[in-house]
Amino acid sequence: MKLVSFKSRATTGYGALVNGEVAVLSAQLPFPTLKTALPHLDELRRAVDSAPTRLALSQLELLPPIPDPGRIMCVGRNFKKAMHQMGLDFLEYPVLFARFPHSVVGHGEEIVRPTVSEQFDYEGELAVVIGRAGRHIRAEDALDHVAGYCCFNDGSIRDYQRHTSQDTPGKNFWRSGAAGPWLTTADEIADPTRLTLTTRVNEKIVQQATLDDLLFDVPHVISYLSGIYPLQPGDMIAMGTPLGVGLNADPPRWLKPGDTVSVEIDGIGTLSNRVVDEAGLDLAAA
């Protein structure tokens, strides 16, 4: 099942993608948002066929699959080949930093290069969405807590990322990242390590890797995070990016207005966003 959060002229809601249409579920179920519906996926599945309203996907504005996540936690330096190329030692524990919801848009929305920097970079990633709460989760039980997966672009402002030893400033610029195009439920992904991630800039492949190259896999990261805080439905975890980011090109390949970044993961979908310059936006209307 592929679940979307959307906005239309008439309403904001969520539903399931069926043959190019969205079966609207938010109007008939007692869960106000997709985040609150995640612990009830079986109920959502049963409601799809009887949904009284279907809307054409092409006529909807897609929001991030979970527009209101409680937390977005990101893992850095998590692809072994990338670490080897950069001459970095493998780590004992995951490198973690947080993103805030204002920094993430949905599929088809514009991502914004800020006025204060031209060092706008892409990072194609797999994002995991928690569906069942848990604390001190064992790695062997971790996938039971996953609602599903989506594509993620951990858009980064590199000079701000390097201002200090903390990644947070460079990872949280307004509308710099993206998630989507939808949430593919975990029952459709038997083994996330067998997925292939491909990032394109203007249709040119710049990143491609299989997720078996992760240093810390999905169960390990879920187990580790659940030891820090209780995981809740709707929490998102971005799993890190492989070789090929613009920072490491020679010369660096920074995103510029008019570029389109697409993150594709087989079995999940393709997340695409066009880059615009903040200087050209009407911020009063934002």
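Please treat every number below as a calculation from the coordinates, not as lab data. All of these numbers come straight from a predicted model, not from anything done at the bench. Glycine also receives a Cβ, built like all others from the backbone with ideal geometry; neighbour counts cover every protein chain displayed.
Rounded to the nearest 20 debye, the dipole magnitude of segment 72-285 is 320 debye, with +1 charges on Lys and Arg beta carbons, -1 on Asp and Glu beta carbons, and the Cα centre as origin.
Using the alpha carbons alone, the radius of gyration of segment 178-286 stands to its Kirkwood radius in an Rg to Rh ratio of 1.02. Between the beta carbons of ASP266 and TYR229, assuming R0 = 45 Å, the FRET efficiency works out to 0.90 to the nearest 0.05. Between LEU126 and MET239, GLY240, the built amide H atoms are under 5 Å apart, and every one of these is 5 or more places off in sequence or on another chain.
Tell me, what is a quarter of the convex hull surface for the C-alpha atoms of segment 152-217, in nm² with one decimal? Could you put the intermediate results ahead of the total?
Working: hull surface 24.7 nm².
Result: a mean projected hull area of 6.2 nm².
For segment 71-224, the ratio of Cα radius of gyration to the globular rule of thumb 2.2 N^0.38 Å stands at 1.04.
For the pair segment 234-286 and segment 105-147, the centres of their Cα atoms are 13 angstrom apart.
Indicate, rounded to the nearest 5 percent, the antiparallel portion of the DSSP beta bridges found entirely in the chain.
On the way: 57 of 65 bridges.
Expressed as a percentage, antiparallel bridges in the chain total about 90.
Note down the net charge around LYS81, summing +1 for each Lys or Arg and -1 for each Asp or Glu among other residues with Cβ under 12 Å from its Cβ. Net of charged neighbours comes to 0. Averaging Cα coordinates gives a centre for segment 172-214 and one for segment 1-50; these two points are 22 Å apart. Multiplying the residue separation of HIS136 and ARG54 by 0.36 nm and removing their Cα-Cα distance gives an extension gain of 25.5 nm. In order along segment 236-250, the Karplus-derived 3J(HN,Hα) couplings, from 6.51 cos²θ - 1.76 cosθ + 1.60 at θ = phi - 60°, round to 10, 10, 8, 8, x, 10, x, 3, x, 5, x, 4, 8, 6, 10 Hz, and Gly and Pro are given as x. Labels on offer are [x] 221; [y] 131; [z] 154, and the one holding volume of the Cα convex hull per residue in Å³ computed from this structure is [y].
In square nanometres, what is one fourth of the surface area of the convex hull spanned by the alpha carbons of segment 2-62? Walk me through the intermediate numbers first.
On the way: hull surface 14.8 nm².
One quarter of the hull surface, i.e. the mean projection, equals 3.7 nm².
Dipole check for segment 2-62: with +1 at the C-beta of Lys and Arg, -1 at the C-beta of Asp and Glu, and the Cα centre as origin, the magnitude is about 120 Debye.
Think of each Lys and Arg Cβ as +1 and each Asp and Glu Cβ as -1; about the Cα centre, that makes the dipole of segment 17-121 roughly 220 debye. As I understand it, the dipole of segment 3-100 uses +1 on the Cβ of Lys and Arg and -1 on the Cβ of Asp and Glu, about the Cα centre. Which of LEU3, GLY13, GLN59 lies farthest toward its positive end? The one lying farthest along the dipole's positive direction is GLN59.
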